[in-house]
Amino acid sequence: MAILGLAMAAFILAAEATAMASAASLVTFVFGDSLTEVGNNKYLQYSLARSDYPWYGIDFPGGKATGRFTNGRTIGDMISEKLGIPSPPPYLSLSKYDDALLTGVNYASGGAGILNETGLYFIQRLSFYDQIDCFKKTKESIKAKIGEVAANKLFNEAMYFIGLGSNDYVNNYLQPFLADGQQYTSDEFVELLISTLEKQLSMLYQLGARKVVFHGLGPLGCIPSQRVKSKTGQCLKRVNEYVLEFNSRVKKLIATLNRRFPRAKLTFADTYGDVLDLIDNPTAYGFKISNTSCCNVDTTIGGLCLPNSKLCSNRKDYVFWDAFHPSDAANAVLAEKFFSTLFSGRPSAAPKPSP
């Protein structure tokens, strides 16, 4: 689960989408974790990483849980709305014959990581490798629908948004009872992540991906599930140092791949500063509380908002919905910030949260 790589900050590559006029034909493929998931895990019968129950979705249109790990919409939902395109549906909700495949798919899965072992205790989730396998199947289905030439053109021109890595720390390396935290030093672990990610991004390139955005991790040491480990409730400096090193290494990797691959347009979206500013200065953005969650679940075990959890009285006062994920109101602030950066000169108010 874990915070932001911040969801569709990933939509940063939409900058490559050039004009809003062409947004209606924009095809988007999303890979990620719970920050970008729109419901895949609810189709995994044994998954423990799920949010298809109250109170999730209480502020989503219709007021029902959809499998999004927040009280309302993800940043991706909001950016899609601004671009005038539908938010891509979850892969597991579609058949291989579904025409919706032609306009984009979301493969994100709560608990997913770059490493296959990440999130192991959630039993079922789609790791990045699993998501790439699902994308391969999507490609075959689309080729069968429209022919190889048209399919290759679609995949070369599509946008690929990737947000992974948070769980590799929060639900793997930082868990003392898991092997990776015992086996690797922090330097060795980030090396493992980067070498694995290099293989995965290379696989996507071979499958036709050219316009790719990888959004960096936010300050994981400042999310409620990590703060609770501090005796003073402060951000965990060591965890944030891990994040900054990961972001730096990914940025270098992307520069290398751009030189290696013809016509590749990979972008690293650094969201760390924006997220940290929202957490450090919540009142500047209209919030009151950023060190704990609206759904009172800031514990060292669990951290999701269960149906028996007690909610805060005003959800718009809180930056965090549960111990890992931003609230709908926080996502709206971040979506507006990202959109303004990407499409400067095109004023657009953030879509208002559902009543």
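Where a number appears in this text, it was derived from the coordinates with a stated rule and is not lab data. Quantities reported herein were computed from a predicted structural model and do not represent experimental measurements. Methodologically, a virtual Cβ is constructed for each residue, glycine included, from the backbone with ideal geometry; neighbour enumeration extends over all protein chains shown.
Can you give the direction-averaged projected area of the convex hull of the alpha-carbon atoms in the range 107-185, in nm²?
Values: hull surface 24.6 nm².
Dividing the Cα hull surface by four gives the mean projection, 6.1 nm².
For a quick size check, give me the Cα extents of the range 84-145 along its three principal axes, largest first, whole Å.
Dimensions of the range 84-145 along the principal axes of its Cα atoms: 37, 27, 16 Å.
Take the range 140-181, compute every pairwise Cα distance, and split them into 5 Å bins from 0; I just need the percent in each bin.
Result, from short to long distances: 5, 20, 14, 9, 8, 7, 9, 13, 11, 5 percent.
Over the chain, what is the relative contact order in whole percent, taking alpha-carbon pairs under 8 Å and six or more residues apart?
Details: 761 pairs, mean separation 77.6, N = 355.
RCO, the chain: 22 percent.
Using alpha-carbon pairs under 8 Å, 6+ residues apart, how would you state the relative contact order of the range 21-146 in percent?
Numbers: 243 pairs, mean separation 38.8, N = 126.
Taking the mean separation of contacting Cα pairs over the length of the range 21-146, I get 31 percent.
When only alpha-carbon atoms are used, what values of Rg and Dmax, in angstrom, describe the range 191-309?
Just the Cα atoms of the range 191-309 yield Rg and Dmax of 17.8, 53 Å.
Pick out the long, greasy-scoring helices in the chain: whole DSSP H runs spanning 15 Å or more along their own axis by Cα, mean Kyte-Doolittle at least -1.0.
Details: long enough: 128-146 (27 Å, -0.68); 186-206 (30 Å, 0.15); 237-260 (35 Å, -0.70); 328-342 (21 Å, 0.58).
Membrane-span-like by this criterion, though nothing is claimed about a membrane: 128-146, 186-206, 237-260, 328-342.
With the cut-off at 1.5 for a/c, could you classify the range 167-206 from its C-alpha gyration tensor as rounded, prolate or oblate?
On the way: a/c = 3.61, a/b = 2.22, b/c = 1.63.
Prolate is the answer for the range 167-206, as a/c is 1.5 or above and a/b outweighs b/c.
Going down the table (K199/K337; K199/K252; K96/K139), which pairs top 21 Å between alpha carbons?
K199/K337
From the residues S87, L193, S327, which one has its Cα farthest along the dipole of the chain in the positive direction, the dipole being from +1 and -1 charges on Cβ of Lys/Arg and Asp/Glu about the Cα centre?
Projecting each Cα onto the dipole axis, the largest value belongs to S87.
Please list, in chain and number order, the residues 5+ apart from V105 or on another chain whose amide H is under 5 Å from its amide H, with Hs placed from the backbone.
So V105 has HN proximity to T28, F29, V30.
Which whole number of Å³ per residue matches the convex hull of the alpha-carbon atoms in the chain? List each step's numbers first, then the result.
Details: hull volume 44.7 nm³, N = 355.
In the chain, the Cα hull volume divided by residue count equals 126 Å³.
If you place +1 on the Cβ of every Lys and Arg, -1 on the Cβ of every Asp and Glu, and leave all else neutral, what size is the dipole of the chain about its Cα centre, to the nearest 20 Debye?
Charge dipole, the chain, about its Cα centre: 500 debye, nearest 20.
Where does the chain land at 222 nm, in deg cm²/dmol rounded to the nearest 500, when only DSSP H runs of n ≥ 4 count, each adding -39500 (n - 2.57), divided by all residues? Can you show the working numbers first?
Details: 9 runs with 116 residues, N = 355.
Helix-only estimate at 222 nm: -10500 deg cm²/dmol.
Over the Cα atoms of the range 247-348, what radius of gyration and what Dmax do you get, in Å?
When restricted to Cα atoms, the range 247-348 yields Rg and Dmax of 17.5, 53 Å.
Can you tell me, using C-alpha contacts under 8 Å and at least 6 residues apart, the relative contact order of the range 144-265 as a whole percent?
Details: 104 pairs, mean separation 36.0, N = 122.
In percent, rounded to a whole number, it is 30.
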